[in-house]
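The values are calculated or read from the model by the stated rules, or taken from the named source; none is laboratory data. The shown structure was predicted, so the numbers you read here are calculated from the model rather than taken from an experiment. Neighbour counts are summed over all protein chains in view; Cβ atoms, including those assigned to glycine, are modelled from backbone coordinates with ideal geometry. With ligands, DNA and RNA removed, areas are computed over all heavy atoms of the protein, side chains included. Shrake-Rupley method; radii C 1.70, N 1.55, O 1.52, S 1.80 Å.
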Amino acid sequence: MEMDLEGRVVVVSGASEGIGRSIAEAFAREGAHVVLTSRRANRLQTAVDGIVGAGGKAVGIAADVTQASEVGALFRQIEEQFERIDVLVNNIGSVVAFDGFDQVSDDQWHESYDVNVMSSVRMLRAALPRLRQSDRGRVMFIGSLGAKQPTGVWPHYNATKAAMVNLSKSMSMQLAPEGINVNSISPGPIWTESWDREANQVADRESVSLEEAGELLVKKKAAKVPLGRIGTPADVAGLCLFLASPHANWITGTNIAVDGGMQRAAV
Ligand SMILES: NC(=O)c1ccc[n+]([C@@H]2O[C@H](COP(=O)([O-])OP(=O)(O)OC[C@H]3O[C@@H](n4cnc5c(N)ncnc54)[C@H](OP(=O)(O)O)[C@@H]3O)[C@@H](O)[C@H]2O)c1
């Protein structure tokens, strides 16, 4: 399927590893100019080098996108290099605290809102003037299965991801008259470095090695997936390409699950 992404300018947050990196690599393979951002410059550079080494076009700009001043500086640098932005992928997000409701403090709730909602609010606000210069502006929010189908685990994460999905819908309504399509994607369990902390907890609790703990986690989570395996970052990246392509011209304001069939609701 022809994606028509050659030369498109794509900004991906949280792009040095995990799902964001896979999204950045996928767009670069389609010939897009990709701007990758995350905090640690060395890891970011490794991701950029990987793309450029494979013949792709990518730049890395380090920023903590929970900080308004850093988002401002990030977009000033982007604007020096590009006259328009075609695609913004708001990918960063974090569980923040791997604890139960009783243990999560007010500060951690605020941090969760900052990482999972405010970072995307600021990124979108800063990107909008350049997105409006595009003839096919697209915005994607990476939510979570927990937004629509929470379990009792990590209420602070699920609630803020639900806010993000709701924000995506509002912005799709606001930006539709300007021809900018906005959608959210809700991944199910996907092994990335973000699982390391949870694996460490399992290793302590079960007195097993980190590797064994990782295997236990994957097995436990895969057992709940109708398609019988956990996801890969590339499973999400493929959908981002489609949503950025002309094949998705009439798709906006929707939330799409990439979860091997875990979402139970029929509609
Ligand atoms: N993995 C899953 O099972 C899963 C399931 C559902 C939804 N999701 C969602 O998918 C998204 C990506 O998850 P992931 O597992 O790929 O995450 P990850 O492996 O933890 O990667 C996070 C990325 O974001 C960057 N980052 C973190 N905080 C940042 C900040 N304040 N400013 C700028 N960059 C920041 C990290 O680099 P630095 O640390 O260097 O900044 C890294 O590049 C998240 O929104 C997550 O909630 C993941």
Work out how far the C-alpha atoms of segment 1-124 reach from end to end along every principal axis, then list the three figures in whole Å, largest first.
49, 30, 27
Karplus-derived 3J(HN,Hα), 6.51/-1.76/1.60, for each residue of segment 197-204, Hz, glycine and proline x
5, 5, 5, 4, 4, 5, 4, 5
What number comes out for the charge environment of L216, summing +1 per Lys or Arg and -1 per Asp or Glu over other residues with Cβ under 11 Å away?
-1
Extension gain, F242 back to Q133 (0.36 nm per residue minus Cα-Cα distance, nm)
37.2 nm
Cα gyration tensor of the chain diagonalised, 5x eigenvalues square-rooted, in angstrom largest first, produces semi-axes 29, 20, 19
Using a 1.4 angstrom probe on the protein heavy atoms only, line up E212, E83 by accessible area, largest first.
E83, E212
When the chain is treated as a GNM, springs tying every alpha-carbon pair under 10 Å, which of V236, V182, V225 comes out with the largest mean-square fluctuation?
V225
Please list the non-local residues whose amide H lies under 5 Å from the amide H of L88, H modeled 1.01 Å from N, same-chain partners needing a gap of 5 or more.
V11, R138, V139, M140
Round to the nearest 0.05 the FRET efficiency obtained for N249 and V218 when R0 = 41 Å and r is the Cβ-Cβ distance.
0.65
Rank N200, V165, I190 by how far each Cα sits towards the positive end of the charge dipole of the chain (+1 on Lys, Arg Cβ; -1 on Asp, Glu Cβ) and give me just the farthest.
V165
Taking springs between alpha-carbon atoms closer than 10 angstrom, which of S69, S120, S134 fluctuates most in the Gaussian network model of the chain?
S69
Gain on full stretching of the segment that runs from D204 to T46 - 0.36 nm per residue minus C-alpha separation
53.8 nm
Inter-centroid distance (Cα atoms) of segment 219-267 relative to segment 167-214, Å:
12 Å
Is there a pair in K148/K219; K148/K224; K57/K219; K148/K221; K161/K220 whose C-alpha atoms are over 26 Å apart, and which pairs would that be?
K57/K219
Please determine, in degrees from 0 to 90 and to the nearest 10, the orientation of helix 68-81 with respect to the longest principal axis defined by the Cα atoms of the chain, where the helix direction is its Cα long axis.
40 degrees
Amide hydrogen neighbours beyond the local backbone of K57, cut-off 5 Å, H modeled:
V34
Reference-scaled alpha-carbon Rg (2.2 N^0.38 Å with N residues) for segment 154-267
1.29
Its Cα gyration tensor gives segment 89-154 an equivalent ellipsoid whose semi-axes in whole Å, largest first, are 30, 14, 6
With all protein chains in place and a 1.4 Å probe, F101 shows an accessible area in Å² (nearest 10) of 130 Å²
With +1 on the Cβ of every Lys and Arg and -1 on the Cβ of every Asp and Glu, the dipole magnitude of the chain about its Cα centre, in debye rounded to the nearest 20, is 640 debye
